[in-house]
Amino acid sequence: MESSTFEVVLTDLRMEGRDAGLDVVRMSGSKLPQARVLLVTAYASAETAVEALKQGAFDYLTKPVSSEDLAESVERALADREVEGHEDSQVHPGSEEEGLVGKSIVMRRIRDRLLRAAKRDFTVLISGESGTGKEVAARFVHAHSDRAEGPFVPVHCGAIPADLFESELFGHCRGAFTGAGSDRSGMIESAHKGTLFLDEIGDMPMSIQVKLLRTLQDHRVRRVGEEEERQVDVRVIAATNRDLALEVKSGGFRQDLFYRLNVVPVHMPPLRQRQEDIPPLVDFLLARWSNNGEHVRISQEALDRLACLPLMGNVRELENLLQRMIALADDHMLDASILDELHPEEGPVEGLSLQKLQDNEVNLDEALRDVERRLIRQALDASGGNITKAGEMLGVSFRSMRYRLRKLGIRLP
């Protein structure tokens, strides 16, 4: 501690026959005040836990500790440290105007990571479910980089027919194929001095992946039907809703291209894992859609209901739902009755049927997760957020409740 700097300190409690881990907590407080200390012990007691937290420990873990619980605790410690270090600085200027809205720890970390990425020309690979805001994140990087004055060129790989992909991306010369009546630059050249955003990169044909890899390595492009290579100055940001590492293993994506793209990985979490961001997102979207000085408002009851919906389509589904509410509203106030028309609150079991599964195009696992999520939320509401009491109501242990909360992305206030 005297000779090095650590972000997180992980210590056992019981050493040499005494609670020496508490000494480590105290020493860390004086020598490494910015570090977060995690205390691990097989000798758990309420008194020891309280004393550890009083001395400044960040978390208290009881053995046996699963690798998942340990990793989660370390991640939370790192996130807490990063937020404290940056929340008073200009880490996300203009982020709300650019759509990266959210006050959760994970969104603060993402903004900070994107800002760090913007300062270098390394490739960025943004992963996440559909509708989580991957293109918004890419535009955020571009806007805060030295290329902000240059073009931002989005390419939606899944929307380009395979036989036109090469021409669209790299361009072509006159006569290169039937219909090529003139020379045309491709999207890569169009992004010269700016940023090329390759959305859903997992849909890119293997033959194009080879050519893209060469461009990333040599910073040159060759138009279809042309011998000459052209120098390009482009920063590439890619996005995917697939697990590209698994795609590589199955042979669906080139390993060398994956490593070339995955220099700065950024994961956009689903909205259901950061429900505390739903209210500021709603405010942001309603303000954006208001016109002629008339601001659309939403009741607290409707906002509370929105925050409890699974929103499997993420921000895109939230936008759609709010737009439909505005269309049905008689005035500029959105209340829970409008939401009830669009998204009626159902009992956890009564609303489940084979016909409903087929109509909504969801599978059994997704439906059961939704039932489990609603039951747990009801129990948490009834218990005032007490996990132990909620578990007793549901007939499961505290440990099982913690696992289910983590699995379902349910966060307590």
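Every number in this text was worked out from the coordinates using simple rules, so none of it is lab data. Remember, it's a predicted structure, so these values are computed and weren't measured experimentally. As a convention, Cβ positions derive from the backbone with ideal geometry for all residues, glycine included, and neighbour counts pool all protein chains shown.
Below is a table of values for the structure above.
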{"read-out": "Residue 289-residue 324 pseudo-label distance in nm [points 7 Å out on the Cα-to-Cβ vector]", "value": "1.2"}
{"read-out": "Cα gyration tensor category, rounded, prolate or oblate, for the chain with a/c compared to 1.5", "value": "oblate"}
{"read-out": "Label-point gap, in nm, between residue 149 and residue 70 - each point 7 angstrom along Cα→Cβ", "value": "5.2"}
{"read-out": "Simple spin-label estimate for residue 7 and residue 219 in nanometres, 7 Å along Cα-Cβ", "value": "3.0"}
{"read-out": "At R0 = 35 Å, FRET efficiency that the Cβ-Cβ distance of residue 159 and residue 343 yields, to 0.05", "value": "0.75"}
{"read-out": "Percentage relative contact order, the chain, counting C-alpha pairs under 8 Å, at least six apart", "value": "13"}
{"read-out": "Ranked list, fewest to most other Cβ atoms within 10 Å of each Cβ, for 190, 400", "value": "400, 190"}
{"read-out": "Interchain or long-range residues, amide H under 5 Å from residue 410's placed H", "value": "none"}
{"read-out": "Expected 222 nm ellipticity per residue - DSSP helices of 4 or more, -39500 (n - 2.57), all of the chain, to 500", "value": "-14000 deg cm²/dmol"}
{"read-out": "Distance violations [Cα-Cα > 31 Å] among 54/134; 54/103; 63/119; 103/249; 103/211", "value": "54/134; 63/119; 103/249; 103/211"}
{"read-out": "Length gained when the stretch residue 54-residue 389 is fully extended (0.36 nm per residue, less Cα-Cα span)", "value": "118.1 nm"}
{"read-out": "Whichever lysines have a C-alpha closer than 20 Å to that of residue 407, once near sequence neighbours (fewer than 8 apart) are set aside", "value": "389"}
{"read-out": "Cβ-based exposure ranking for 203, 370, 218, 183, in which fewest neighbours within 10 Å come first", "value": "218, 183, 203, 370"}
{"read-out": "Sites residue 399 and residue 31, calculated FRET efficiency, Cβ-Cβ separation with R0 41 Å, nearest 0.05", "value": "0.75"}
{"read-out": "Whole-Hz couplings from phi, Karplus 6.51/-1.76/1.60, listed for segment 205-220; x for Gly and Pro", "value": "x, 4, 5, 7, 4, 4, 5, 5, 4, 4, 5, 5, 7, 9, 6, 9"}
